[in-house]
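Chemist: Below: one structure in structure tokens.
No value in this document is a laboratory result; all are computed from the given coordinates. Please read these numbers as outputs of a predicted model, since none were measured by experiment. All Cβ positions, even for glycine, are placed from backbone atoms using ideal geometry, and neighbour counts span all protein chains on display.
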Amino acid sequence: MRALLPRYLTLATFAILAFAGARTAIFGAPRPKIERYFQAGSIDIGLESFAQDYAHIYLSWNPRNLMARERALTRFNPSLADEPGFQPSHTVEVVTATQVVQDEPSALGGRIVTVEATVAPGRRTEYLAVSVSRDKSGALAVNAPPSFVGAPSVQESPHAQLLHSVDDQELTTVVERALTNYLAGDANDLTADLAPGTQVTYPPNQLQVVGTPSEIDWTGHDGVLVSVQAQDQQGASYTLSYEIGVVKTERWYVNSIEVIPSQ
């Protein structure tokens, strides 16, 4: 039996393969099953943009052509396009600007995205909370009629962070020079103070640092916060602050200025 077992296994394998081949020849190959799943990141720009588009259309209308608004709303959820009891104003309402000001989980699934909208005439401000979700394929939909809400809460008395001043003169000199060259768009001089591999993109409009930084504080062992006065080419002055990453090898170098362009 032990000697014959490999032969029996081989014959059984051939029989199974032959049956599978005959089934395919008669009935055709089975259709492949394709499943697509969408994994949203921590910030879903597409979902937020979808909510913005919805708020723009929901708050805009022409009383002489309400069907155009209804057709536009169908794209977001056909069952919500025909709003019972909807009565527009007698004047044309147009949303001139929108921005997302809040994004939080919804009990219905998905997210509640609050959109700040500027509406003309009168430039009044509205806050519209829109419940939006994706299905497993990534397709978007508005889950329920929107809500008029208030603005996100704002701190009345923000607590100032307790930071420690930089007392390293070499570091102070490098940071001042790097920030001055960065705002002026001077790539040649700035490169000398950048650590290898540092990515920098320059502001489209050049600025000139006025005087010396008012403050340079440590944000950690590898970063400082710098506050400066700067003036643009039209003569406007600004108070600006920059988080600057620093690293010391044979001397101090800068490895980031406020943002990392690739992130």
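Chemist: Going by how many other beta carbons lie within 10 Å of each one, how would you line up 43, 216, 57, fewest first?
Modeler: The fewest-first ordering by Cβ neighbours comes to 43, 57, 216.
Chemist: While we're looking at this one, here's another question. At 0.36 nm per residue, minus the direct Cα-Cα distance, what do residue 154 and residue 94 gain on full extension? Give it in nm, one decimal, please.
Modeler: Going from the current span to full extension adds 18.8 nm.
Chemist: Residue 83 to residue 260: extension gain in nm, 0.36 nm per residue of separation minus the Cα-Cα distance?
Modeler: Additional length available on full extension: 59.2 nm.
Chemist: In what order do 54, 238, 127 fall by count of nearby beta-carbon atoms within 10 Å, going from fewest to most?
Modeler: 238, 127, 54
Chemist: What distance in nm separates the simple spin-label points at residue 229 and residue 161, each placed 7 Å from Cα in the Cβ direction?
Modeler: Simple spin-label model gives 2.4 nm for this pair.
Chemist: May I ask you to compute the full-extension gain from residue 222 to residue 75, defined as 0.36 nm times their residue separation minus their alpha-carbon distance, rounded to one decimal in nm?
Modeler: Gain on stretching residue 222 to residue 75: 48.0 nm.
Chemist: In whole Å, how far is the Cα centre of segment 124-152 from that of segment 162-184?
Modeler: That distance is 44 Å.
Chemist: Loop-only check: which trypsin sites (Lys or Arg not before Pro) in segment 110-185 are DSSP coil with at most 14 other Cβ within 10 angstrom?
Modeler: 123, 136
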